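Novice: Okay, here's the structure, questions in a sec.
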Amino acid sequence: MILAEIITIGDELLIGQVIDTNSAWMGQKLNEIGIKVKQITSISDDKMHILTTLEEAKKRADVILITGGLGPTKDDITKKTLCDYFGSELVFHEPSFKVIEEIFNSRGRTITETNRLQAYVPANCEVLVNKNGTAPGMWFNDGKKIIVSMPGVPNEMKGLMETLVIPQLKSKFNLAPIVHKTILTQGIGESFLSDLIEKWELALPVYMKLAYLPSAGTVRLRITASGKDADVLRKEVESQTEELKKLIPEYIFGYETDQLESLIGELLVQKNKTLSTAESCTGGFIAHKITSVPGSSRYYMGSVLPYSNDLKTGLLKVDPELIAKHGAVSQEVVTQMAELARKMLKTDYAIATSGIAGPSGGSDLKPVGTVWIGIAGPEKTKAWKVQLGSNRLRVITETALHALNGLRKELLATK
């Protein structure tokens, strides 16, 4: 197994001014070709910090990928630091300068001496010409170790990785394939899920591993298999996935990058059905998720947002006696909200939500996080309660996922 380490350089990363998205993307691409990322490290623009981190990384990894610190300003010191580390000197690289000229000419700008300095690279590196920016990448062979330095600008780094770095790594190493399968679940917590599939997980072959990746409202299960033959691995992973589906069919809603809002959109189109929403505690978040899908106007008609009780009774025409007797957060009220929204907006299905998102407003009978969800359809109305904790944004997010997955199940159950 070839191991890699990713080092991102920049004070802006450490103070949270810039989010490091490069490492996640690089890790994914390396894994696709069979290189395992051993560690990801973010460090400051400091020479000794860079040198120390590089030495430590060489003890752990065969391939070290560095991003950041290659700009034209004085705070970008990566290139000069690497030049000193490898005992080299900076030399002018004409092909890189031609790219810089083309970029500046296309923008009607004059090249300054500072910009020209970006075409200087360590004499003992293999230059990776950056066609998307002014800072070239650098490939160093340090004994059996490979060290690659690239710009921190995402599109520049990705261009170098895809066109030069990944192809060269594949040609240099005899890489064993790694196959992943991600199974998406909703409606069950990580620990409960683990208990349900424990026997299946313990029986996995030694070359397969299972990872749990929980987030608000969902748990992703990732099967990873490594071996010699990618096609054989894929078949075996699919076989294990089929066994898993038999154990938890009610919780699996998709695979890889599937999203509930896209899946229900496909089902609504297939069945030629329409949808509306009446949202109280979610404040339009379900509508937002639905309409984030291109083409959602084919099946989504609109939403009513009766956040206050006055609007529930005045706009949506919920019976005031129901609210007085059962409270706005109740099965009776959310059921009527869904049915009235379906009628008002003339749709086949309607989703309704009413709950206590918090952090205040709860009671002993209805604590913060109590949410009722209703789905009205052509044949029946279904309503159910979920208890989602006290984090307001998490309550809103999880309610939307519960509602969308509930609709998905209803659509699958109807002809």
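Novice: List the lysines whose Cα sits under 21 Å from the Cα of Lys47, skipping any in the same chain fewer than 8 residues away.
Specialist: Qualifying lysines at Cα under 21 Å: Lys58, Lys59, Lys74, Lys79, Lys80, Lys145.
Novice: Separate question: Quick one: pull the percentage of alpha-carbon pairs in the stretch 263-413 with a separation above 24 Å.
Specialist: Across the stretch 263-413, Cα pairs with separations above 24 Å total 25 percent.
Novice: Okay, moving on. For a quick check: sort Ile100, Ile166 by the number of other beta carbons within 10 angstrom, fewest at the front.
Specialist: Ile166, Ile100
Novice: Hey, another quick one. Using the Cα centre of the stretch 263-413 as the reference point, and only Cβ charges (+1 on K/R, -1 on D/E), how large is the resulting charge dipole? Debye, rounded to the nearest 20.
Specialist: In total the dipole reaches around 300 debye.
Novice: Right, next: Using +1 at the Cβ of each Lys and Arg and -1 at the Cβ of each Asp and Glu in the stretch 263-413, identify which of Gly314, Ser354, Gly284 lies farthest towards the dipole's positive end.
Specialist: Farthest along the dipole direction, towards plus: Gly284.
Novice: Could you derive backbone 3J(HN,Hα) for the stretch 60-65 from the dihedral phi with the Karplus parameters 6.51, -1.76 and 1.60 (θ = phi - 60°), listing whole Hz in sequence and x where the residue is Gly or Pro?
Specialist: 9, 10, 8, 10, 10, 10
Novice: For the chain, calculate the relative contact order in percent as a whole number, restricting contacts to Cα pairs under 8 Å that are 6 or more residues apart.
Specialist: 10 percent
Novice: Provide the per-residue ³J(HN,Hα) series for the stretch 180-187, in order, calculated from phi with Karplus coefficients 6.51, -1.76, 1.60 and θ = phi - 60°, each as a whole number of Hz, with x at glycine and proline positions.
Specialist: Listing the rounded values in order: 10, 9, 10, 10, 9, 10, 8, x Hz.
Novice: Can you give the Rg to Rh ratio of the stretch 2-172, both from alpha-carbon atoms, with Rh computed by the Kirkwood formula?
Specialist: Here the Rg-to-Rh quotient is 0.94.
Novice: If you take the alpha carbon radius of gyration of the stretch 178-255 and divide it by 2.2 N^0.38 Å, what ratio comes out, to two decimals?
Specialist: 1.05
Novice: Let me ask something additional. Return the FRET efficiency for the residue pair Asp231, Thr73: r is the Cβ-Cβ distance, R0 is 41 Å, and the value is rounded to the nearest 0.05.
Specialist: 0.25
Novice: Distances longer than 42 Å among the Cα atoms of the chain: what percent of all pairs is that?
Specialist: Percent of Cα pairs beyond 42 Å in the chain: 36.
Novice: What ranking do Met161, Met208 get, fewest neighbouring Cβ atoms within 10 angstrom at the top?
Specialist: In order of increasing Cβ crowding within 10 Å: Met208, Met161.
Novice: Next question. As a footprinting exposure proxy, order Ile323, Ile66, Ile7 by other Cβ within 10 Å, with the fewest listed first.
Specialist: Ordered by Cβ neighbours within 10 Å, fewest first: Ile323, Ile7, Ile66.
Novice: Give, as a single signed number, the net charge of other residues whose beta carbon lies under 14 Å from the beta carbon of Ala357, with Lys and Arg counted +1 and Asp and Glu -1.
Specialist: Its environment carries a net charge of +1.
Novice: ³J(HN,Hα) across the stretch 79-92 via Karplus (A = 6.51, B = -1.76, C = 1.60, θ = phi - 60°), whole Hz, x for Gly/Pro?
Specialist: Whole-Hz 3J(HN,Hα) from phi for the stretch 79-92: 4, 5, 5, 5, 4, 5, 4, 8, x, 10, 9, 7, 10, 6.
Novice: Just to confirm a number: summing +1 for Lys and Arg and -1 for Asp and Glu over residues other than Thr313 whose beta-carbon lies under 10 angstrom from that of Thr313, what do you get?
Specialist: Net charge in that neighbourhood comes out at -1.
Novice: If r is the Cβ-Cβ distance from Asp46 to Ser360 and R0 is 35 Å, what FRET efficiency results, to the nearest 0.05?
Specialist: For R0 = 35 Å, the calculated efficiency reads 0.15.
Novice: Given Cα positions, please report Rg to Rh for the stretch 215-302, the hydrodynamic radius being the Kirkwood one.
Specialist: Radius of gyration relative to Kirkwood radius: 1.10.
Bear in mind that the values in this text are calculations on the coordinates, not laboratory data. Keep in mind that this is a model prediction, so the values were computed, not measured. Neighbour counts run over all protein chains shown; Cβ positions are idealised from the backbone, glycine included.
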